[in-house]
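Here is the structure we will look at.
The values are calculated or read from the model by the stated rules, or taken from the named source; none is laboratory data. Fair warning: this is a prediction, and the values are worked out from it, not measured in the lab. FYI the Cβ positions are ideal-geometry reconstructions off the backbone, even for glycines, and counts take in every protein chain you see. What goes into the accessible areas is simple: the full protein's heavy atoms, side chains included, and nothing from ligands, DNA or RNA. Shrake-Rupley method; radii C 1.70, N 1.55, O 1.52, S 1.80 Å.
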Amino acid sequence: MVCLGNICRSPLAEGILASKLPKNKFRIDSAGTGDYHVGKLPDPRSINIAKKNGIDITTQRARHFRSDDFAIYDHIYVMDGSNYRDVIRQAPNEDAKNKVKLILDELFPGENVDVPDPYFGLDNGFVTVYQMLDETCTLIAEKLLKEEK
């Protein structure tokens, strides 16, 4: 799960998806295309909306997306078009590029819908983002569980 700073959207996506999959069978992580918040906790508003929904993301720490993530992860979901371009630029080959998808393409295939960045908005933006990511992560979890079989 990748967003810009790895403190709002991608930590939520990581926590939500992790809550929907068996922990012993899947490795889920998040990162940012920017390095502004490396080592920091998720935004308190992300922590709060996750907590209200029974998910604890306080063990997460922001990290910077690295090109070796392509070798580690089978799927790389990005939150918006800017993140997509930044991640694709680091892809070592076509196979790596094919791992990268806009996360909301799971809900809206081919429509290139961005998850809005709630960082500079009101707290209710985090509620909206949570709802979008929860719906999308349900679909992703279903796909991953089918792939595993």
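The table that follows gives values for the structure above.
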item	result
Within the stretch 100-149, tally of residues that are among the charged types (D, E, K, R) and assigned to a loop (DSSP other than H, G, I, E, B)	5
Conditions (1) surrounded by 15 or more Cβ atoms within 10 Å (Cβ to Cβ); (2) in a loop (DSSP other than H, G, I, E, B): number failed by residue 86	(2)
Tally, over the stretch 99-149, of residues that are crowded, with 16+ Cβ neighbours inside 10 Å and polar (S, T, N, Q)	1
Output for the stretch 1-19, where each listed residue is of a type in the set (A, V, I, L, M) and either farther than 12 Å from residue 137 by Cβ or part of a helix (DSSP H, G or I) (or both)	2, 4, 7, 12, 13, 16, 17, 18
Residue identified as of a type in the set (Lys, Arg) and farther than 18 Å from residue 6 by Cα among 51, 143	143
Pick from the stretch 20-36, criterion closer than 17 Å to residue 64 by Cβ, in a loop (DSSP other than H, G, I, E, B) and of a type outside the set (Ser, Thr, Tyr), ranking: most open to solvent (accessible area, probe 1.4 Å)	35
Members of the stretch 44-68 found to be surrounded by 19 or more Cβ atoms within 10 Å (Cβ to Cβ), in contact (Cβ under 8 Å) with a residue 12 or more places away in the chain and out of contact with any helix residue (DSSP H, G or I) (no Cβ under 8 Å at 6 or more places or on another chain), listed by number	none
Members of the stretch 37-61 found to be touching a Phe, Trp or Tyr at 6+ places or on another chain (Cβ under 8 Å) and part of a loop (DSSP other than H, G, I, E, B), listed by number	43, 53
